[in-house]
Amino acid sequence: MKEIRKSNLITGLVIALLILVLIFMANKVGSFFSGLFIMSKKVLTPFLVGLVFAYLLNPIVNFLNRHHIPRLLSILTIYFFFFGLLTVLFIKGGPVLLQEFRELSNKIPELLVTIRMWAQRMDIQQSMLPFSIQGGLTHGMNTFGQTVNGYFTGLVANVDDLLEKIFVYLLIPFIVFYLLKDMKSMHRGVLLLIPGAYRGRVSRILHDIDTALGQYIRGQLTVCAILGVLTYIGYKIIGLPYAGVLAVFAGITDVIPYIGPFIGAAPAIIIALTVSWKVAVFAIAINLLIQFLEGNVVSPLVVGKTLHLHPLLIIFAVTIGGEVAGITGLIFAVPLVAVGKVIFQHTYHHLVRRPDLPE
């Protein structure tokens, strides 16, 4: 029995490795496959985002439905309150965020000049270091400058791409509406496609996937919102410019496991350095404090260990997701691994508990 279990585990690992190799090869071969992959990613992204919002809102719809409010009316009620709240937030905070973003866009040339000045100062101080270390530092500063330059320039210059994304994401409310409206019928439709002998098992798998993803998505979005608010308060206390835009950016990027907080903190620290070293130190301290609170207080209370995934597996999934699908892959890597884990556990449990297997 132990040999059978070991064989099944090895087989599963080999299959997983082969799938990763195939994904990597498909992403790398030829312009046709590359273009097809980019197109499919653009098409699937709004549906994935819509699925996230559907998971977020479905418990509320079910709650209202259980209290004798028709499902369609429940969805429309949620939409009314959601878009009403969004309108209020946009009216109150939208002009401030737009003004901050406009000012930040105008400040980009000054930021680039400041970065070049840092590079020149570093070059003077490097002259006292060994030649090999000088070369490494020079390469690092050049890479850093190019990355920051490309990031800020791309943020402002790619207007066409931004408009295209806005148009695509306008579809999300409609996708969410139909997912919420027809979720139960879609669930039944999927089960009807499954042979009767396997229908109960597939139903249990779908239930476990729904539970795991629902808890993770709702918890993660709540954590991101709390982190964004805490970041905004901290940045306002130290007098950091563009606190609203930077806090929103930090909250959004926090959805990416492990590396998200570093991505979210980087622009704030760069801008803080243009103010003074004191503000930069405070900005770093605030980000460290918030990450400590998130890791030790907020996440354990809100999310807990809902997915029960090892940190190394999460890092591996995020790395592969970023390589295969960019930002979208970074965000959805962990939920997809969670789905794979549920399927693997049910399959493995079925195989090792089969009555026809020898004890």
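Roughly speaking, what is the stretch gain from T211 to F101, that is 0.36 nm per residue apart minus the C-alpha to C-alpha distance, in nm to one decimal?
Contour length minus Cα-Cα distance gives 35.8 nm.
Could you give me the radius of gyration and the Dmax of the stretch 245-355, taking only the C-alpha atoms into account and expressing both in angstrom?
Cα only, the stretch 245-355: 18.1, 70 Å (Rg, Dmax).
Suppose we keep just the alpha-carbon trace of the stretch 158-278; what are its Rg and Dmax in angstrom?
Rg then Dmax for the stretch 158-278, in Å: 21.0, 68.
Less than 15 Å Cβ to Cβ from T231, Lys/Arg counted +1 and Asp/Glu -1: what total charge do the surrounding residues give?
Local charge sum for T231: -2.
I'd like the FRET efficiency for L76 and Q345, computed as 1/(1 + (r/R0)^6) with the beta carbon distance as r and R0 of 45 Å, rounded to 0.05.
Here the calculated transfer efficiency is 0.75.
Quick note: the coordinates plus some simple rules give every number you see, no bench work behind them. For clarity, every value in this text was computed on a predicted model and none was experimentally measured. Reconstructed Cβ throughout: ideal geometry from the backbone, glycine too, with neighbour counts over all protein chains shown.
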